[in-house]
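Each value in this text was obtained by applying a stated rule to the coordinates, not by laboratory testing. Keep in mind the model is a prediction, meaning the values are calculated, not measured. Heads up, the Cβs are rebuilt from the backbone with ideal geometry, glycines too, and the neighbour counts pull from every protein chain shown.
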Amino acid sequence: MHGPYDIPYTAMFLIESPNPLPIHKLSQSIMKVGCFMNNSYLDCLAVLGVGGAHPGGLKLTKELLAQEKMNESTKILDAGCGTGQTSAYIAKKYGCDVTALDQNKIMVEKANKRFLAEEISIKAIEGTMENLPFANDSFDFILSESVMLFTNITQSITELKRVLKPGGKLLAIEMVRKKKMNDAELVTLKSFYENTHFHSEEEWKQTLNQAKFKVIQVDKPEVQFDPENLDTAPEYSLSKSVDPVYFEMMKAHEEMLELYKNKLSFCVFKCTK
Ligand SMILES: C[S@@+](CC[C@H](N)C(=O)[O-])C[C@H]1O[C@@H](n2cnc3c(N)ncnc32)[C@H](O)[C@@H]1O
């Protein structure tokens, strides 16, 4: 339980900052960011079983995949697969040989439950992007949808490069920082999203280039929630018992995105090895 005397540390930081965010825009949820310190955003996604947990949701994924050539002989890694929504779609639509991996046990269980229910022969694996349990040159294609920002980026990109076949393709949807942020803004974001990295587009490109990926295209698609199209909305697969704090966190996440909409955006990075 979070009592009235919990210190909303980040809110204090904002107030004290010489260059604060407009405090009047911070709703109660955001003010409570400091109260979520014992709960991780990634655990929140896992417990609520959020699928399509990336900008653009499944709709964008479908559009991006439609631009690629893939078939039954294509070996794909869905790195940071979450609840396995994208993996299941690829297996059903293109018949590819899909490997799904995530570091979160609950996510892996939910992905496997989905695959079983949909009679898809994928077995999600628990593992980390920084130390992938695959041989060199294993995959023709790697998809990473809103995952690398939560990892040790240099290590995970090096690993993705190692397991991708020569000539293979990496498609990564990543959050980007559009504008410089002050300390208060960064502290607020980092205390909510923990060790998340808020790279600019240039920083992402540099890191990918340093790992000797060739960045062949960077797209900035427009995405919008469409109430008529379920693929634009996240889906939920709740755990049996959910601490109500996770609903509060999800609300705070949505408010955070709204508050930072002029500073944060996302890009689709298409790279070859
Ligand atoms: C925002 S969710 C995206 C999930 C999925 N790609 C989707 O679009 O629905 C981020 C996912 O990355 C996973 N993740 C975070 N850090 C990771 C790491 N170091 N290695 C593997 N998976 C990781 C989380 O467990 C979570 O499932």
Q. Around residue 176, which amide H atoms from residues at least 5 apart in sequence, or from another chain, sit under 5 Å from its own amide H, with H modelled in the peptide plane?
A. 265, 266, 267
Q | Residue-by-residue Karplus 3J(HN,Hα) for segment 227-233, coefficients 6.51, -1.76, 1.60, Hz, glycine and proline x | A | x, 7, 10, 4, 5, 8, 10
**Q.** Net lengthening on full extension, residue 71/residue 186 (0.36 nm per residue, minus Cα-Cα)
**A.** 37.2 nm
Q. For segment 34-128, what percent of Cα pairs sit more than 16 Å apart?
A. 55
Q: Mind checking segment 150-254 for GluC sites (Glu not before Pro) that DSSP puts in a loop (not H, G, I, E or B) and that have at most 15 other Cβ atoms within 10 Å?
A: 194, 222, 228
Q.
Show me the trypsin sites (Lys or Arg not before Pro) within segment 144-252 that DSSP assigns to loop and that have at most 11 other Cβ atoms within 10 Å of their Cβ.
A. 179, 180, 212, 240
Q.
Run the paramagnetic zone check for residue 136: 7 angstrom along Cα to Cβ, then residues of segment 194-223 with backbone nitrogen under 20 Å.
A. 209-214
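Helix-only mean residue ellipticity at 222 nm, the chain, DSSP H runs n ≥ 4 weighted -39,500 (n - 2.57), per residue, nearest 500. What is it?
Calculated at 222 nm, the ellipticity per residue is -11000 deg cm²/dmol.
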Q: Can you tell me the dipole magnitude for the chain around its Cα centre, using point charges on the Cβ only (Lys, Arg +1; Asp, Glu -1), in Debye to the nearest 20?
A: 680
Q) Considering the chain, what Rg and Dmax in Å follow from its alpha-carbon atoms? A) 18.8, 58
**Q.** In sequence order, calculated HN-Hα J values of segment 100-117 (Karplus, 6.51, -1.76, 1.60; Hz; x Gly/Pro)
**A.** 10, 9, 8, 7, 8, 4, 5, 4, 4, 4, 5, 5, 5, 4, 4, 4, 5, 4
**Q.** Amide H contacts of residue 169 (H built 1.01 Å from N, under 5 Å, at least 5 apart or other chain)
**A.** 141, 142
Q | Modelled FRET efficiency - R0 30 Å, residue 155 with residue 223, Cβ distances, 0.05 increments | A | 0.55
Q. Nearest-5 percent of antiparallel DSSP beta bridges in the chain?
A. 50
Q) residue 43 to residue 105: extension gain in nm, 0.36 nm per residue of separation minus the Cα-Cα distance? A) 21.3 nm
Q: For segment 40-69 and segment 154-207, compute the distance between their C-alpha centroids and round to whole Å.
A: 16
Q: Quote the relative contact order of segment 141-273 in percent (integer), defining contacts as alpha-carbon pairs under 8 Å separated by 6+ residues.
A: 42
Q.
Within 10 Å of each candidate Cβ there may be at most 14 other Cβ atoms; applying that plus a DSSP loop requirement, which chymotrypsin sites (Phe, Trp or Tyr not before Pro) in segment 179-255 survive?
A. 225, 236
Q: Would you please give the residues with an amide H less than 5 Å from that of residue 74, counting only those at least 5 places away or on a separate chain, with H modeled from the backbone geometry?
A: 97
Q: Grab the Cα-Cα distance for residue 162 and residue 272, subtract it from 0.36 nm times how many residues apart they are, and report the gain in nm with one decimal.
A: 38.4 nm
Q. For the Cα atoms of the chain, what angle does the longest principal axis make with the long axis of helix 245-259, in degrees from 0 to 90, nearest 10?
A. 90
